[in-house]
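K.L.:
Here you go, one structure.
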Amino acid sequence: MRRGRWWVLVVGAVTAAVVLIIVTRQSPPPEQPEPAAGIAGLAALPPLAAGPSWASQPVLVGGLRTVATAGPAGFALHTVTGDKRFLPGVNLGSTTPGHQPGELAITEADYRAWFAAMDRLGVRVVRNYTIHPPTFYTELAAHNRALPDRPLYLMQGVYLPDESYVTKGDLYHPNVTTTFTAELRDASAAVGGKLTRAPTPGHASGTWTTDVSDWLAGWIIGLEWDPPATAATDRANAAAAAPAGRYFRGTEAASPTERWLAARMDELATAEAGAGRSAPIAFVNWASTDPLTHSHEPLENEDMVGVDAEHVRATEAWPGGTFASYHAYPYYPDFQRHQPELQKFRYAGRADPYAGYLNQLREHHRDMPVVISEFGVPSSLGNAHHGPLGRDQGDHDEAEAMRIDAELLRMIKDLGLAGGFVFAWHDEWFKLTWNTVTHQVPADRRQLWHDPLTNEQYFGLIAADPAGNPDAVARLLVDDPAARPANRVQATLDESYLHLTVSLAQPLPARLTIGLDVLPRLSGAPPPGGADPRPDTAFALDLAGRTGQAWIRVPLDPMPLDYPVPPSARPAPVDGWQQFQQLLNREMIVPVSGRHMSLELFDVGRLRHGSWNPEDAHADSRALWRLDGTELTLRIPWAPAGFADPSSRQVLVPRGTRATTETSPEVGVLLSTGAGTDQFAGSVQWNDWQRTYHTERLKRGASAVRDALVATAAESG
């Protein structure tokens, strides 16, 4: 076999011949409702202890019926056991694996199972982002009527149907305003059970007949505002008149963006008042457009413009009032790492910049409650940003991520804010993040596979684990007692990984490298009469030291797509091989202080040894290989294997800063010990897949979040 020098990295390669067709769980047509899949691990949680009732007790103020009010005295959710002042909740997306959010693929059975699971976890509020199909509201009402003392309250979101304001630089554009106004009115009608909509791509349709307003905790409208487009809106509409709405008005200090929001909030309030209802109404905001000044923020866009809820006021005619809503995470923007006053703020006996930021938000909004409507950290293998105190945007084991989420929820309550909604209920396969998005081609198939390197796909309390084709059982690839270094090899694959099980001959080698030949064109075609491929990606394992590293041939390295990293900033290539890494931060200068921020890279190619079985007490969800006696088990994420989209067998081939792909005909697998023992195990082949299968599981350590949800609910009276 022609070795080249690929094995120098550490030694070895494995795989085998197998043809697999992967089909994944996809929502069936409406006439064939999908049965609810059980959520593994949920039954192991002990039953919740009985506590004070949260049964809804709406009040009538000024002729309007309201379940909640928000104002200078705080947030008050009216229940039969008194007002609840803190809302512990969770964010719910609008789709399932295998689908884009606009497909609204969640089924009636999904809602029923999820609401029951939320109850078991102590969730008191479920927040959505858009109008869900009629079954959402029907199942929510059924759930709440069955459990009147512990209902799930609704924080209803309304998304902008037309986001072209970003390219137009103008929220006031007629298309943007008109479509959002119509969506607000439809949302009010949906909550009241009086809406019919014809099928429209990207929108829920059908007939809404269930009134859930007795459990309506409030509204959060809009989206995370794009800073440049918001600043452009303010410049282009400086002369726009302040709306004189009956229910909401902008103050004299209101910016054009804030005036536009006041008008939209008044439109929603008008629709609600027409149905005899009132509820607190807020707009979405996030740290990138908060009203505070962050003098030490390195990126101009992250402190370019502010949107201030203080400048949008409810009138006395609107008893529901208003509040400030923020998506606030502990790892971004970077001002949390550099702002001096945040570095000094102490919480729970230590300096805590995130707690300092939450405290700043509360102090700014002295006469209205603040709800942290998104927070959390992901349990992904990949990372996108470092945060203070190790609260990074990824690279967390599931149990660690759940512990941090629980810690943050308790912090939000302790600091006097009015609510905290964990992001998110379940893992979302369609999500993208900045340091992997250019590597995923074609983008319109991202929902058909689950990328462990994309942190945004792993925020859920509920894991959506890839299941693969139920007919695609492991195939025996090598079964030869005399073969070395492996006498038995099995392979299978799913939406996240290529899985290999290798029985090693004794004595065990100290090191083994598993190489994958994903593009014969790149590495050279096999010689006539024999298979002799060279790998394009390699996974070097130190079997004795229980460590490992992923490598990729320099022509396939995706890093140039993200940033022109100086060669001196990375480990030097070895014979044309580069360690697989992720970019976390570009080189920057911090304003005011002039501090130089070095380029930050992350060794996402580190191959952790251990068990990833969530039932194991010492499992690490980031582990990728384990050695039990002579049996080696390895799961290889698709991105380090070289793939831009495994569902269509596309391998990423960067051409400068342009992402292109080539179709892999098969994946050759090789093993090498680096001691003259090389083995070609065969080739893995599969057909393109158009559907996905997955199973649902409560993430390991989620009981910590449950404890925090229960505790903060108990302290909310």
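K.L.:
Give the residues of the range 178-212 that are among the charged types (D, E, K, R) and out of contact with any Ser or Thr (no Cβ under 7 Å at 6 or more places or on another chain), sorted by residue number.
P.N.:
Glu183, Arg185, Asp186, Lys194, Asp211
K.L.:
Working only within the range 250-266, note down all residues that are surrounded by fewer than 21 Cβ atoms within 10 Å (Cβ to Cβ) and either in contact with a Gly (Cβ under 6 Å, 6 or more places away or on another chain) or among the charged types (D, E, K, R) (or both).
P.N.:
Glu252, the sole residue that qualifies.
K.L.:
Can you find even one residue in the range 239-252 that is among the polar types (S, T, N, Q), touching a residue at least 60 places away in the same chain (Cβ under 8 Å) and part of a loop (DSSP other than H, G, I, E, B)?
P.N.:
Taking every residue of the range 239-252 in turn, at least one turns out to be among the polar types (S, T, N, Q), touching a residue at least 60 places away in the same chain (Cβ under 8 Å) and part of a loop (DSSP other than H, G, I, E, B).
K.L.:
Now for a different question. Does Pro199 satisfy the criteria of being under 24 Å from the mean Cα position of the chain (by Cα) and in the same structural domain as Ala324 (by TED's automatic domain parsing)?
P.N.:
So Pro199 does not fit the description; no.
K.L.:
What's the total number of residues in the range 491-522 that are more than 22 Å from Arg622 (Cα to Cα) and in a strand (DSSP E or B)?
P.N.:
So the answer is 3.
K.L.:
Being in contact (Cβ under 8 Å) with a residue 40 or more places away in the chain and farther than 25 Å from Asn128 by Cα narrows it down to one residue among Leu389, Leu417, Leu409, Leu358; which is it?
P.N.:
Testing whether each residue is in contact (Cβ under 8 Å) with a residue 40 or more places away in the chain and farther than 25 Å from Asn128 by Cα leaves just Leu389.
For every residue, the table says whether it meets (1) touching a strand residue (DSSP E or B) at 6+ places or on another chain (Cβ under 6 Å); (2) over 28 Å from Leu500 (Cβ atoms); (3) at pLDDT 95 or above; (4) not in a helix (DSSP H, G or I).
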position: Leu389; (1), (2), (3), (4): no, yes, yes, no
position: Glu400; (1), (2), (3), (4): no, no, yes, no
position: Leu417; (1), (2), (3), (4): yes, yes, yes, yes
position: Thr433; (1), (2), (3), (4): no, no, yes, yes
position: Val441; (1), (2), (3), (4): yes, no, yes, yes
position: Gly468; (1), (2), (3), (4): no, no, no, yes
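K.L.:
Select from the range 212-238 the residues that are touching a Phe, Trp or Tyr at 6+ places or on another chain (Cβ under 8 Å) and part of a loop (DSSP other than H, G, I, E, B) and write down the one among them that is surrounded by the fewest Cβ atoms within 10 Å (Cβ to Cβ).
P.N.:
Selected residue: Glu224.
K.L.:
Just the residues that are buried (at least 20 other Cβ atoms within 10 Å of the Cβ) and under 15 Å from Leu498 (Cβ atoms), please, taken from the range 667-693.
P.N.:
Once the filter is applied, which keeps residues that are buried (at least 20 other Cβ atoms within 10 Å of the Cβ) and under 15 Å from Leu498 (Cβ atoms), the range 667-693 yields Val667, Gly668, Val669, Leu670, Leu671, Ala681, Gly682, Ser683, Val684, Trp686, Trp689.
K.L.:
Quick check on my filter: what residues within the range 153-180 are closer than 30 Å to Thr138 by Cβ and free of Cβ contacts under 8 Å to residues at least 24 places away in the same chain?
P.N.:
Correct list: Asp162, Thr178, Thr179.
K.L.:
Checking Ile412 against (1) among the β-branched types (Val, Ile, Thr); (2) under 30 Å from Ala275 (Cα atoms); (3) part of a helix (DSSP H, G or I), which single condition isn't satisfied?
P.N.:
Unmet condition: (2).
K.L.:
A follow-up question, please. Can you work out which of the residues in the range 610-648 that are within 17 Å of Ala474 (Cβ to Cβ), of a type in the set (D, E, K, R) and touching a residue at least 40 places away in the same chain (Cβ under 8 Å) is surrounded by the most Cβ atoms within 10 Å (Cβ to Cβ)?
P.N.:
Among those that are within 17 Å of Ala474 (Cβ to Cβ), of a type in the set (D, E, K, R) and touching a residue at least 40 places away in the same chain (Cβ under 8 Å), it is Arg635.
K.L.:
Right, something else. Any residue that is under 24 Å from the mean Cα position of the chain (by Cα), under 18 Å from Phe421 (Cα atoms) and assigned by TED's automatic domain parsing to the domain that holds Asp707 - is there at least one of those in the range 343-353?
P.N.:
For the range 343-353, residues under 24 Å from the mean Cα position of the chain (by Cα), under 18 Å from Phe421 (Cα atoms) and assigned by TED's automatic domain parsing to the domain that holds Asp707: absent.
K.L.:
Ok, one more. I need the full set of residues from the range 66-80 which are over 31 Å from the mean Cα position of the chain (by Cα) and either crowded, with 19+ Cβ neighbours inside 10 Å or under 16 Å from Leu152 (Cα atoms) (or both), in order please.
P.N.:
Thr66, His78, Thr79, Val80
K.L.:
I've got another one for you. Only one of Ala279, Ala269, Ala273 is among the aliphatic types (A, V, I, L, M) and surrounded by fewer than 23 Cβ atoms within 10 Å (Cβ to Cβ); which?
P.N.:
Ala273
K.L.:
Let me ask something else. Return yes when Thr135 is modelled with pLDDT of 95 or more, out of contact with any Phe, Trp or Tyr (no Cβ under 7 Å at 6 or more places or on another chain) and not hydrophobic (A, V, I, L, M, F, W, C) and no when it is not.
P.N.:
When the stated conditions are applied, Thr135 does not pass them.
K.L.:
Thr501 fails exactly one of the following numbered conditions: (1) assigned by TED's automatic domain parsing to the domain that holds Thr677; (2) crowded, with 24+ Cβ neighbours inside 10 Å. What is the number of that condition?
P.N.:
(2)
K.L.:
Considering Tyr159, Tyr165, Tyr172, which residue is modelled with pLDDT of 95 or more, in the same structural domain as Gly218 (by TED's automatic domain parsing), aromatic (Phe, Trp, Tyr) and over 26 Å from the mean Cα position of the chain (by Cα)?
P.N.:
Within the list Tyr159, Tyr165, Tyr172, the selection yields Tyr172.
K.L.:
For the range 86-196, which helices (runs of 4 or more DSSP H) that fit wholly inside it have 1 or more residues that are of a type outside the set (Lys, Arg), surrounded by 22 or more Cβ atoms within 10 Å (Cβ to Cβ) and in contact with a strand residue (DSSP E or B) (Cβ under 8 Å, 6 or more places away or on another chain)?
P.N.:
108-121, 134-146, 174-191
K.L.:
Let me ask something else. Among the candidates Pro452, Pro442, single out the residue that is assigned by TED's automatic domain parsing to the domain that holds His365 and more than 17 Å from the chain's Cα centre (by Cα).
P.N.:
Criteria check complete, one pass: Pro442.
K.L.:
Right, next: Kindly evaluate Glu252 against the criterion of being more than 22 Å from Val371 (Cα to Cα), out of contact with any Pro (no Cβ under 8 Å at 6 or more places or on another chain) and among the acidic types (Asp, Glu).
P.N.:
Spelling it out, Glu252 is indeed more than 22 Å from Val371 (Cα to Cα), out of contact with any Pro (no Cβ under 8 Å at 6 or more places or on another chain) and among the acidic types (Asp, Glu).
K.L.:
Another question, then. Answer yes or no as to whether Asp532 is closer than 30 Å to His99 by Cβ, part of a loop (DSSP other than H, G, I, E, B) and modelled with pLDDT under 95.
P.N.:
No: the conditions fail for Asp532.
K.L.:
While we're looking at this one, here's another question. Residues to consider are Glu267, Glu258; find the one that is at pLDDT 95 or above, under 18 Å from Thr130 (Cβ atoms) and of a type outside the set (Phe, Trp, Tyr).
P.N.:
The conditions single out Glu267.
The values are calculated or read from the model by the stated rules, or taken from the named source; none is laboratory data. These numbers were taken from a predicted model, which means no experiment stands behind them. When we count neighbours, we look across all protein chains shown, and the Cβ atoms used for this are built from the backbone with ideal geometry, even at glycine.
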